[in-house]
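None of the figures in this text is laboratory data; all of them are computed from the coordinates on show. Values in this document were obtained by computation on a predicted structure and should not be read as measured data. Glycine gets a Cβ as well: all are built from the backbone with ideal geometry, and neighbour counts include every protein chain shown.
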Amino acid sequence: MEEIKSTIIQRIKTHFSDATEKEYPYNRVDFSVKKETIPAILFYLKDEMGFKHLSHISCIDWLEENEFEVVFIVWSPTDKIKVFVHTRVDRENPVMDNVDMIWRQANTYEREMREMFGIQFTGLEAPEEFLLEDWEGPPPMRRDFDTEAYATNTYWERPGREDAKDIRETIEKRSGEILPDFAKKYTR
Amino acid sequence: MSFDLKGTLKPLTALKQFGKKPHTLVDVPSIPLEASDHYRGFHYNDLDECIGCGNCSTICQNQAIDMVPVDGIEGKKGDSGLRPRVDHGRCCWCGLCVEVCPTGSLSLTKDYLYVSDDPDTFLWTPGVDNPEGKERISFFSTEETSLNDFGRIPMPELEGMDRVKSFAEVVLGYNEVQARAEASRCISCGLCTEACPEHMHIPEYINAIARGNDADAVRIIYDNNPLPEMCGKVCTRRCEDVCAIAHRGDPIAIRWLKRYTTETVKNADMIKEVVNPDIQEPNGYKVGIIGAGPSGLTVAYYLALKGFDCTIYEAHAKAGGMTMYGIPKYRFPEESLDKQIEYIQKIGVKIHFNTKVGKDISFKEIYSKYDAVFIGVGFPKPWTLGIEGEDLKGSIQAVNFLYEINNGKTVDIGDKVIVIGGGNVAIDAARVSARLGADVTILYRRRVQDMPADWEEIEGAEDEGIHIIPQAIPVKFYPDKKGHVKAVEYLKADMVADEKGGRPKPVPVEGSNTIIEATAVLGAIGQQGDYSFLEEEFSEKVKIERGRFVVNEKQQSTLDKLFAGGDAANRSADVISAIADGYMAVKGIEDLLVKGN
């Protein structure tokens, strides 16, 4: 296993000069590459190294670093090894290459990421809407998406909920506590 | 509601699906499929477990949960009496409400089908409207999966056997990082404020600490407690008993967080600067206060802020009452107290020390001199056991013993000390004796779990090597040739259930007499009031029942301008109740003098 893993690392690093590796225990190897390298490295992994199966594509919003991280997980049925390929995309202009010509099912993941994170895949052919019908808000899986504010602004209160009580006020009233105004900004 | 154009037209967008080929399963199963084991369907709430903290309602990002009163559920300490009701038109079944529920009462079930002709049945109170959900729970939280943090940040303390070497403070206090982490565990429900006799603004000051704003926390605390460092160290903290997090974990360390906050202001000048109290112009009213204990100091502080001229008469050389002379210094160091007294004096409260009312000044003089009088004299006189040999040399009352030690005197107790009693005074006397180098045994007539002392104090005593003999009733003290106590005889007791439903009673077992050696015996079975300073003309008019002043909800006694508080008026016998009494008396005195009712 260790031998196969080191061969994989060696071959990838020879072919892709921008790849940095990170080793994990058991059957996992991770690489980080520039986003321009993604189609090439995935083609290489699939066609030359036997990673025939695309397990998953995932996205992480690194809000503080102003970047998205896109992760491709591929699997080699012969070597029983999985490879994670990480890349970073600028959050302000999240554009990267479409890879659904390598694996057709990537199309579904890309549609989801387009809708949930707002990442544009150049050349992606798919209907605009995926899960969110008539969505007008910002991509909802972004960390700066304020779910509560969106819900408040988008939906309206149906009647019948006017009897809702505030816990703190209920207890305050019952016990005769007088909460000073300056303290109220710390109330839940 | 005005006409909602958007809401009316929106459903029409579904027409865009018109003409598309539907995806239809060929073989629709005739029996509805059972949902998977962890399916997130409709909510279920165990109404008895739920405490109405409202954490589910707060976390809900869709604002789908309201807290509403439910028939048959009364609010009480530790339970708001409200229960969550879910708007199923908004719920997205994310399950966050379940994951933040501190008690674990809220869960999701496998049920996901609900058909009704009435479009207004979207509001449900889980547990009330679907009691059958109990059998269908599929998604719930455990101590491990809950998003609440159930583990308390441990308080650094001196090791048990190191403590007995000196009177150094046992509890070392949180540092900033620890305090912020502990404060962040609070879910700010506020159930604790009802259990606190003084109704301190607990969620607000804890939140201020969590957000890193200690100065605001100090201001919020001083809003209704002028002795927070005292409470931060020795409070009986009934707030922590009802903490929502305590249902499945350790309660938030409310007392230690208050302690942390008050320690960020290092001296009286700093307190004044941070609290920056709004002291009103003198209003011409004069109030006399007897006793500089927690209740008297509270009355003086808040009345002084309102422009009253306050004078305290204190029999001893220092203020603080029992917290100065009763509580040992390893629990409540003198400099902590001094700092708070100095601050109260700084805002204009006058304290006459070493002035015992009834001896140095008559009560009558005070009563005629002031517009209102507050009595906070506490319970200074110990109860005696009433058994043979109690007046021998070496048989000392624990409160007197603590008074002498706290006053810097020495008391000869030898190396084998017996303490009689199970309250905080008994434990304090025992732990002080251990620090003086004695081998200490506590005799208590009931079981350890019946002891009225704080469990932390009892544990602390055990850590320090103090031996507790429960169910032991002392019957006789034996003298040596010089008339000094040398041994104590006690009977073992059986606990017999009380038919009236009270505490089980200890009943002595005939012939179980045991004798243990002693060089000193400290009696700590309780104290009582001493109102001998009241002249006859007053003692006739003011109503005293079972050793306590009879007062109304504003702490007013049967004499209009006489108010009372603290141990002399309430049965709780703790600092925070005394402060609460003082705070209520401030309202009473203000109403009487300024508002005229």
### Message
Suppose we keep just the DSSP beta bridges with both residues in chain B; what percent of those would be antiparallel, to 5?
### Response
50
#### Entry: Helix axis angle, B:334-346 relative to chain B longest principal axis, alpha carbon, degrees
80
### Task
Pull up the DSSP beta bridges for the protein assembly as shown and report the antiparallel fraction as a percent, rounded to 5.
60
### Task
With all distinct Cα pairs included, what does the Kirkwood hydrodynamic radius of the protein assembly as shown come out to in Å, to one decimal, could you say?
31.9
### Task
Starting from the Cα of A:LEU63, step 7 Å along the direction of its Cβ; do the same at B:VAL475; then give the gap between the two resulting points in nm.
7.4
### Query
lysines within cross-link reach of A:LYS82: Cα-Cα under 23 Å, excluding same-chain residues under 8 positions apart?
A:LYS5, A:LYS13, A:LYS22, A:LYS34, A:LYS35, A:LYS46, A:LYS52
### Message
Regarding the range B:160-274, what's the average projected area of the Cα-atom convex hull, expressed in nm²?
### Response
7.7
## Note on the structure
Per-residue ellipticity at 222 nm attributable to helices in chain B (runs of n ≥ 4 DSSP H, -39500 (n - 2.57) apiece, nearest 500 deg cm²/dmol) works out to -7500 deg cm²/dmol
### Query
If the limit is 22 Å between Cα atoms, which of A:LYS173/B:LYS306; B:LYS318/B:LYS409; B:LYS233/B:LYS359; B:LYS272/B:LYS409 go over it?
A:LYS173/B:LYS306; B:LYS233/B:LYS359; B:LYS272/B:LYS409
### Query
Over all distinct alpha-carbon pairs, what is the Kirkwood Rh of the range B:217-269 in angstrom?
11.8
### Query
Shape call for chain B from the C-alpha gyration tensor, a ≥ b ≥ c root eigenvalues: rounded (a/c under 1.5), prolate (a/b greater than b/c) or oblate?
prolate
#### Entry: Rule-of-thumb Rg ratio for the range B:33-139 [Cα; 2.2 N^0.38 Å; N residues]
1.01
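Starting from the Cα gyration tensor of the range B:108-166, take the square roots of the eigenvalues, sort them a ≥ b ≥ c, and report rounded, prolate or oblate (rounded when a/c is under 1.5, otherwise prolate if a/b is larger than b/c, else oblate).
Numbers: a/c = 5.14, a/b = 4.15, b/c = 1.24.
Prolate is the answer for the range B:108-166, as a/c is 1.5 or above and a/b outweighs b/c.
Give, as a single signed number, the net charge of other residues whose beta carbon lies under 15 Å from the beta carbon of A:LYS184, with Lys and Arg counted +1 and Asp and Glu -1.
-2
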### Message
Number of Lys pairs in the range B:449-597 with C-alpha atoms less than 26 angstrom apart, excluding same-chain neighbours closer than eight positions?
### Response
18
## Note on the structure
Checking rank on A:46-52, B:331-337, B:560-566, B:537-543, with mean other Cβ inside 10 Å and highest first, the result is B:560-566, B:331-337, A:46-52, B:537-543
#### Entry: Phi to ³J(HN,Hα) by Karplus 6.51 cos²θ - 1.76 cosθ + 1.60 over the range B:534-547, Hz, x for Gly, Pro
6, 5, 4, 4, 8, 5, 6, 8, 8, 8, 10, 10, 6, x
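Stokes-Einstein at 25 °C, 0.890 mPa s, Kirkwood radius from Cα pairs: D for the range B:491-563 in µm² s⁻¹?
145
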### Message
Viscosity 1.567 mPa s, temperature 4 °C: what is the translational diffusion coefficient of the range B:426-522 from Stokes-Einstein with a Kirkwood Rh over Cα pairs, rounded to a whole number of µm²/s?
### Response
89
### Query
Which number do you get for Rg(Cα) / (2.2 N^0.38 Å) in chain A?
1.48
### Message
For B:GLN397, what residues show an amide H to amide H distance below 5 Å, using hydrogens built from the backbone and excluding near sequence neighbours?
### Response
B:GLY523
## Note on the structure
Averaged over residues of B:210-220, the number of beta carbons from other chains lying within 10 Å of each residue's Cβ is 2
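Over all directions, what mean area does the Cα convex hull of the range B:379-444 project, stated in square nanometres?
Result: a mean projected hull area of 4.5 nm².
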#### Entry: Cβ neighbours within 10 Å from other chains - mean over B:193-205
5
### Task
Rounded to whole Hz and in sequence order, give me ³J(HN,Hα) for the range B:374-388 from the Karplus expression 6.51 cos²θ - 1.76 cosθ + 1.60, θ = phi - 60°, writing x for Gly and Pro.
10, 10, x, 8, x, 10, x, 9, x, 6, 9, 6, x, 10, 5
### Task
Name the aspartates and glutamates eligible as straight-distance cross-link partners of B:LYS416: C-alpha to C-alpha under 14 Å, and not fewer than 8 places from it in the same chain.
B:ASP439, B:GLU517
### Query
Averaged over B:71-80, how many beta carbons belonging to a partner chain fall within 10 Å of each residue's beta carbon?
2
## Note on the structure
Once Lys and Arg are counted +1 and Asp and Glu -1 for all other residues with Cβ under 12 Å from that of A:PHE130, the total becomes -4
### Task
Could you list the square roots of 5 times each eigenvalue of the Cα gyration tensor of the range B:346-505, that is, the equivalent ellipsoid semi-axes, sorted largest first and rounded to whole Å?
34, 22, 18
### Summary
Rounded to the nearest 10 degrees, the helix B:254-264 long axis (Cα) sits at an angle to the longest Cα principal axis of chain B of 70
### Summary
The answer for B:ALA520, listing residues at least 5 apart or on another chain whose modeled amide H is closer than 5 Å to its amide H, is B:LYS416, B:ILE418
### Task
Report, for the range A:2-131, the % of DSSP beta bridges that are antiparallel, rounded to 5.
70
### Query
Using θ = phi - 60° and the Karplus form 6.51 cos²θ - 1.76 cosθ + 1.60, what ³J(HN,Hα) does each residue of the range A:42-55 get, whole Hz, x for Gly and Pro?
5, 4, 5, 4, 6, 7, 9, 10, x, 7, 7, 10, 8, 7
